[in-house]
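Everything below concerns the one structure shown next.
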There are 2 protein chains.
Amino acid sequence: MTDATEQENGTEGRRSGRRGASGGASARRQARTDAKLESLPYIHRQLEPMDVLSAEAIEIIENNADILMEEVGVVYSDDEEALKMWKDAGADVKGDRVHFPKGLCRELMKTAPPTFTQHARNPARSVEIGGKNTVFAPVYGPPFVRGFDGERRYATIEDFQTLVKLAYMAPAMHHSGGTVCEPCDIAVNKRHLDMVYSHIKYSDKPFMGSVTAPERAEDTVKMAQMLFGEEFVDQNCVLVSLVNCNSPMTMDGTMLGALKTYARANQASIVSPFIVGGAMSPVTVAGTLTQVLCEATSGVAFSQLCRPGSPVIMGTFATSISMQSGAPAFGTPEPGQVLMGAAQFARRYNLPFRSGGSLTGAKLPDAQAAYESANTLWPAMLGGVNFMLHSAGWLEGGLVSSFDKFIMDCDQLAAAQKFANGIDMSENAQAMSAIREVGPGSHYLGCEHTQNNFKTAFYASNVADNNSFEQWEIEGKLQNDQRANKIAHSWLEKYEIPALDPGVDDALQEFIQNKKDSMPDAFT
Amino acid sequence: MTDATEQENGTEGRRSGRRGASGGASARRQARTDAKLESLPYIHRQLEPMDVLSAEAIEIIENNADILMEEVGVVYSDDEEALKMWKDAGADVKGDRVHFPKGLCRELMKTAPPTFTQHARNPARSVEIGGKNTVFAPVYGPPFVRGFDGERRYATIEDFQTLVKLAYMAPAMHHSGGTVCEPCDIAVNKRHLDMVYSHIKYSDKPFMGSVTAPERAEDTVKMAQMLFGEEFVDQNCVLVSLVNCNSPMTMDGTMLGALKTYARANQASIVSPFIVGGAMSPVTVAGTLTQVLCEATSGVAFSQLCRPGSPVIMGTFATSISMQSGAPAFGTPEPGQVLMGAAQFARRYNLPFRSGGSLTGAKLPDAQAAYESANTLWPAMLGGVNFMLHSAGWLEGGLVSSFDKFIMDCDQLAAAQKFANGIDMSENAQAMSAIREVGPGSHYLGCEHTQNNFKTAFYASNVADNNSFEQWEIEGKLQNDQRANKIAHSWLEKYEIPALDPGVDDALQEFIQNKKDSMPDAFT
């Protein structure tokens, strides 16, 4: 034995492991590409969520938020109706600023459901949002893509559809998402129609609606009604949409318009302070959490003024800021703490919670991208996020959707699903028979327990390369993103469009055409 | 506003952030390279460790381990003395197999200290091992390096010293480690002398001893005595060394020889089952934990037979195995669960715990390497690891020490340190004055609270690039590992050898020369 005892042991394990291998490199590669992950509509976590705030810290932050909501208040801009609704609900409205008596928002939030089902057109894909469930949704918002050639360019509707198809094919992806990239080749006032249609047509997973204008939210609801039926939509959630607060302490008219439209249609919004910490909130975690609490609870409460009992998700999105360059930084420790702290408050208020995702400031799907993405995914999983937007494909601070990174992230989501399952304590998992059978100094590769369990025993990545150096060299010395690129290609080759009722399809297309014909193109 | 609301907000934050920026790209780059992290001798975690096993699961596994320790037992091979010691202690010894009456090991382990200090030659670098403390130590064992040119080759003593220097320069690295790579240019029976000397000479952080033969452990103790004084070494821990179990259920004579030498000299060993799950343990987490418990508690108890009260660390190292290729897989969910479960048992027995590290099977410091490393670092930090071997520089399943990855990992360790600090709830951190001052619709960049706090507010990576795409393009489109490479160079340029008493230095060199002259080179 050398000083490299572990190394020696490791090599030994690898060698003996190989005895069990069959087929050549290409067979193994194929097996990996084809590997079937356990495809679940959503994750039901077995682990208890991890708390980062003490009971005392919770009290302090909540009390501080109460003070600020009364004293500083939240601006509801460009929406007279919202101001009137708040006045009628008992708030003190001065100009466009709403001052909340202590406890008003918490009281109003009580009618919001702790969990709800978002229905997909394929019922097997419907997701349960809230409680111990986690739903993964793709990246949202980038105007650029890095496509198959790695080139960075403005996104098109074709890229949008490619991302919808990849999300449809990904066993670990539960949701089709919303603006998986901005289809910049279509007029701003018309692209929501093509986006919503693409989700309906090319996937059967649940999806998100447009929020960029109240009439676009209305279009989304109408298209959902064509798909699900008017009555069904009024009684069930089929849309989850993203309503960002304009931090600090402001809800703007555009977002309020969308929020009102969806809430009144009994559809869910995610009320999310969007915060670059240090610019849009204080430079501290406790201060940021206080502000998040003011903004999110005010918005969630407002959804209940629109329609009591309508589904809503409390959200937060936080980054830190580089004080050298002014750029936002992702995957740093402080946003992880904000995320977990905010999740704790959502649990306190019995609200579903949105945050997390595979966030990064990296320009390429390199090691920075992976470290930073993992540094958001871990707090999000352990903190107990219910709806995880941006869980795959995000690059460059959200400016870019990357096909390669989408595949890489989905692999991590599948691993996170396995971790969240917790530790199996069944008699089979206790494996007493195996340890008795094998005994000291032997190995477990051939034993009966291993034979019976090996297929589902360990998570097998479809992207990672764990072969020997020599094998990896023979196969072309690929980096992780290059292997992901191949997988993306193979998924698209295998992609088959999920059947859609032709009558519904025709009606949707007619609706879109009429809408488009009714107005000139607008590009802002 | 477009559908990319977050994107818009993000761009806004970035733009306004830039107002605060000063100097050009090179100034910023310089500032980042120079950025002083808070250099602490070790981390005192503020977060409570996370449990993954229920009280019931703990009972089941402990009970199963008790049954197996009695029924199957543990082989103590090639060590008659050890067998006699166990017999005298009340175990049932049959051949070289030791059967433990229920509770014997747990009883013996009670004399092991829950925490202890490992002294460094610079007292400011001494570390506290156990409790809520975490000590980071470098990669251990690789026969290969990837040096500055990225080339993969057999490691030399020069590479060894380079890694010692990088560990010395890294603010987040608390320990100089042991076999940071195998100096393959020196005879196997002599290299331990050069390794121990290199740690003493080129660093003033604490270090590890040789375990590859009892006489090499003795040499290590002698060299430590020259450095610290005989009396001091007998009364204090100055060495932590790695004693791997030969899983399943075997302690071999070489490791036992080292363990006895160190324990009798009052020096710490890490008793670590080294497990490729599915090959050296059952394919299940619960089964692996049961075996880990048998092996680790037997070894820890044996250290207390050697010298009651001597410091010892319970350890575990686990990977999963790819059932397609037989290769070990790193950063997968199951080893993370084993790690956190074993940590829970160490807490139950009041023992310091070793595990974790930035493990990966990747051949390059790419996204695979980063995802997998983060997937070990997170469970290790949240699980409450006290001594984290392999925390930086590990590549290719432990076959390679990488300079670039060492830098990349150290950046992550520094971030983990910040996360582990928990959430500051001081009045300053509550930031009420800031939120009052700024109010709705403005920004925090210029406010007094930000000015007072921005320098320490957020963790600033020295490797990540969060600049704009355009800036990154101008600076050469570097990947994360390329930036790390530059930092490694700059650290070595700034490196200054820490002063060592010339008398001690001479004595050490003389001892080494005499030892080397006393035997022919051996290469196994």
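Observations
- Each label was represented as a point 7 Å from its Cα along the Cα-to-Cβ direction; for A:Arg436 and A:Glu470 these points are 4.1 nm apart.
- Taking packing as the residue-averaged number of other Cβ atoms within 10 angstrom, the listed peptides A:470-477, B:178-185 run from highest to lowest as B:178-185, A:470-477.
- Cα-centred dipole magnitude for segment B:107-420, charges only on beta-carbon of K, R (+1) and D, E (-1), debye, nearest 20: 540
- Per-residue Cβ neighbour rank within 10 angstrom, fewest leading, A:Phe454, A:Phe144, A:Phe406: A:Phe454, A:Phe144, A:Phe406
- Segment A:110-193: trypsin sites (Lys or Arg not before Pro) in DSSP loop, at most 16 other beta carbons within 10 Å: A:Lys110, A:Lys132
- Ordering A:Ile58, B:Ile129 by the number of other Cβ atoms within 10 Å of each residue's own Cβ, fewest first, gives A:Ile58, B:Ile129.
- Helix B:253-264 axis versus longest C-alpha principal axis of chain B: approximately 80°, rounded to the nearest ten.
- Cβ-vector label at 7 Å, A:Gly131, separations to other copies in nm: 4.3
- Nearest-first distances (nm) between copies at B:Ser518, label 7 Å from Cα via Cβ: 9.5
- Computed from backbone phi with θ = phi - 60° and the Karplus coefficients 6.51, -1.76 and 1.60, the 3J(HN,Hα) list for segment B:366-379 is 9, 5, 4, 4, 6, 4, 5, 5, 4, 6, 9, 5, 5, x Hz; x is used for glycine and proline.
- Length gained on full extension, A:Asp149 to A:Ala522, computed as 0.36 nm times the residue gap minus the Cα-Cα distance: 131.2 nm.
- Cα long-axis angle, helix B:480-494 against chain B (0 to 90 degrees, to the nearest 10): 80
- Computed FRET value (nearest 0.05) for A:Gln513 with B:Lys132, which takes r as the C-beta separation and R₀ as 56 Å: 0.30
- Footprinting exposure proxy for B:Asp517, A:Asp501, A:Asp79 (fewest neighbouring C-beta atoms within 10 Å first): B:Asp517, A:Asp501, A:Asp79
- 10 Å Cβ neighbours from other chains, averaged over peptide B:148-156: 0
- Here the relative contact order of chain A, from alpha carbon pairs under 8 Å that lie six or more residues apart, stands at 18 percent.
- With respect to chain B, whose longest principal axis is taken over its alpha-carbon atoms, helix B:502-517 is tilted by about 50°.
- Counting Lys and Arg as +1 and Asp and Glu as -1 over every other residue whose Cβ lies under 12 Å from the Cβ of A:Tyr154, the net charge comes to -2.
- Computed E for A:Phe454/A:Ser426 - FRET, C-beta separation, R0 22 angstrom, nearest 0.05: 0.85
- Counting DSSP beta bridges with both ends in segment A:107-420, the antiparallel % (nearest 5): 30
- Counting charges near B:Met173 (Lys, Arg +1; Asp, Glu -1) among other residues having Cβ under 10 Å from its Cβ returns a value of 0.
- When DSSP beta bridges are restricted to pairs lying wholly in chain B, around 40% turn out antiparallel.
- Other protein chain C-beta atoms within 10 Å of residue C-beta, averaged over B:40-51: 2.
- When the square roots of the Cα gyration tensor eigenvalues are ordered a ≥ b ≥ c, the ratio a/c for segment B:107-420 is under 1.5, which makes its shape rounded.
- Comment: the Cα-to-Cβ extended label point of B:Glu231, at 7 Å, lies 9.4 nm from its counterparts in the other copies, nearest first.
- Bridge orientation summary for segment B:261-377: considering DSSP beta bridges with both residues in this region, about 20 percent are antiparallel.
- Charge dipole (debye, nearest 20) of segment B:71-166; +1 at Cβ of Lys and Arg, -1 at Cβ of Asp and Glu: 440
- Rounded to the nearest 500, the 222 nm mean residue ellipticity of chain B from helices alone is -14500 deg cm²/dmol, with -39,500 (n - 2.57) taken per DSSP H run of at least 4 residues.
Here, each number is a calculation from the coordinates, and none is a lab measurement. Predicted, not measured: the structure shown is a model, and the values here were computed from it. Using ideal geometry, Cβ is built from the backbone for each residue, glycine included, and neighbour counts are taken over all protein chains shown.
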